[in-house]
1. Restricting to strands (runs of 3 or more DSSP E) lying wholly in segment B:102-195: which have 1 or more residues that are surrounded by fewer than 18 Cβ atoms within 10 Å (Cβ to Cβ)?
2. Output yes when any residue across segment B:78-97 is assigned to a strand (DSSP E or B) and out of contact with any strand residue (DSSP E or B) (no Cβ under 9 Å at 6 or more places or on another chain), and no when none is.
3. How many residues are open to solvent by 10 Å² or more (accessible area, probe 1.4 Å) and within 12 Å of chain B (Cβ to nearest Cβ) when one looks only at segment A:1-30?
4. Pairs, please: C-beta under 9 Å, at least 6 apart or cross-chain, first residue within 14 Å of another protein chain (Cβ to nearest Cβ) and small (Gly, Ala, Ser) and in segment A:91-114, second part of a loop (DSSP other than H, G, I, E, B) and open to solvent by 40 Å² or more (accessible area, probe 1.4 Å)?
5. Tell me which residues, restricted to segment B:196-208, are in a loop (DSSP other than H, G, I, E, B) and in contact with a strand residue (DSSP E or B) (Cβ under 6 Å, 6 or more places away or on another chain).
6. Looking only at segment A:42-56, which residues are open to solvent by less than 10 Å² (accessible area, probe 1.4 Å) and out of contact with any helix residue (DSSP H, G or I) (no Cβ under 6 Å at 6 or more places or on another chain)?
7. Pairs please, first residue from segment A:57-71 and basic (Lys, Arg), second anywhere and surrounded by 18 or more Cβ atoms within 10 Å (Cβ to Cβ) and assigned to a loop (DSSP other than H, G, I, E, B), Cβ atoms under 7 Å, 6+ apart in sequence or on different chains.
8. Checking the conditions here, which among B:Ala216, B:Ala179, B:Ala156 is within 14 Å of chain A (Cβ to nearest Cβ) and at pLDDT 95 or above?
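The values are calculated or read from the model by the stated rules, or taken from the named source; none is laboratory data. If you're wondering where the values come from, they're calculated on a predicted model, not measured in any experiment. Heads up, the Cβs are rebuilt from the backbone with ideal geometry, glycines too, and the neighbour counts pull from every protein chain shown. We work out accessible area using only protein heavy atoms, side chains counted, and drop any ligands, DNA or RNA first. Shrake-Rupley method; radii C 1.70, N 1.55, O 1.52, S 1.80 Å.
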Protein chains: 2
Amino acid sequence: EIVEALRAALAARPLAGKRVLVTSGPTHEPIDPVRYIANRSSGAQGTAIANALRDLGAEVVFVTGPADAARPLGVQVVEVESAREMREAVLGALPVDAGVFAAAVADWRVASASDSKIKKVNGALPVLEFAENPDILAEVSQMGDGRPGLVVGFAAETDDVQAHATAKRKRKGCDWIVANDVSPETGIMGGSENAVLLISEEAVEEWPRMGKAEVAKKLAERIAEALSAG
Amino acid sequence: EIVEALRAALAARPLAGKRVLVTSGPTHEPIDPVRYIANRSSGAQGTAIANALRDLGAEVVFVTGPADAARPLGVQVVEVESAREMREAVLGALPVDAGVFAAAVADWRVASASDSKIKKVNGALPVLEFAENPDILAEVSQMGDGRPGLVVGFAAETDDVQAHATAKRKRKGCDWIVANDVSPETGIMGGSENAVLLISEEAVEEWPRMGKAEVAKKLAERIAEALSAG
């Protein structure tokens, strides 16, 4: 009986004792003190994933950019603004058993952000030079020592979703990619539902459109299975 | 006695029968379906001004970009995203007795926003070409027929506040400029207080640092005086 009860408790909290990192939200990349480049990530899916992992017993570290979504409760929250700040927070959170990189990190930053507000000079248009941001997903996926046992990336695409996301998984070196179509007509970015592909080395699974909380629950369960199998 | 009562009521609602336009918040200028350029305006000062004008009896049209601040109550709210959308909404709201242009409108937009998400190609960095946005304040200030009786612009500066704002007033052709220093160390952008200069053709007034609601009340009272004098 005691064995049964323990088994039931463990089954309900299969991630007890596991530490999981979740990144979420957009990053903001400064142009000058008042302007910045952003993206439309609301942080809703990342917050839902952190909540779902916590519900399965995981110790969650949640690294978030300036997102509109409410922060998950009962987890460690680290607030950042730019991609470079997010990288520092992620590296500082390691080691973890699994990392879920749901943040929409800006690929580029403005190479030389201005310390004062850029003015129109004789009607001339500004020239913004860009520099590549650190690729946090690739860096963590390709770590030797200290790599999380499971690395899950996200791909927000607007066309050729499966092909772009499959190529991204290989290029980054992560284990899984959760891919979705964020074209404006899908209503997914900023909306309450999501329709994703879960892409691993072995398979592409197409999940039906469902609430972001349900996507999060299903993903958290898959992560629990993978960590107990590994 | 009746005359006295009427006089008191009119004094409390000196903007009764006046129609006032307020613009507020940032604009978002799309780069592609998921990325955009924004600015840090919270919309707090604009919302406070709309509320203060309403309290003095004005019929307020409030044109706002995607701002974090709560929308003012009891006024007509028009939600827009880009500078070009804001211009359309402003022109559609005319004629008005006074226009208060508190929005932080992007000076530039991306000349050819992409319909699909811009990808990294062989590690090359994107080139963003900019185009000048419509200058809503200048356009309204320099109207012949249909110009509001009073046009109030805002200047958010990070250095040489008075010189930049005085030059801006002349260049745009507005009657007043409310100027403030939005350097990060002032805590004004996104904060609850403001410290402004009110600049007209005749004078520069320096108002002490106070809550944004108090700045709004003082400005609304000045607008009421100007409209009753005019």
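1. B:130-132
2. Of all residues in segment B:78-97, those assigned to a strand (DSSP E or B) come to B:78-79.
In the following step, the residues that additionally are out of contact with any strand residue (DSSP E or B) (no Cβ under 9 Å at 6 or more places or on another chain) were identified as none.
No.
3. 2
4. A:Ala104/A:Arg40; A:Ala104/A:Met189; A:Ala111/A:Glu129; A:Ala111/B:Leu125; A:Ser112/A:Glu129
5. B:Ser200, B:Trp207
6. A:Gly43, A:Gly46, A:Ala50
7. Note: no pairs meet the criteria.
8. That would be B:Ala179, the only listed residue that is within 14 Å of chain A (Cβ to nearest Cβ) and at pLDDT 95 or above.
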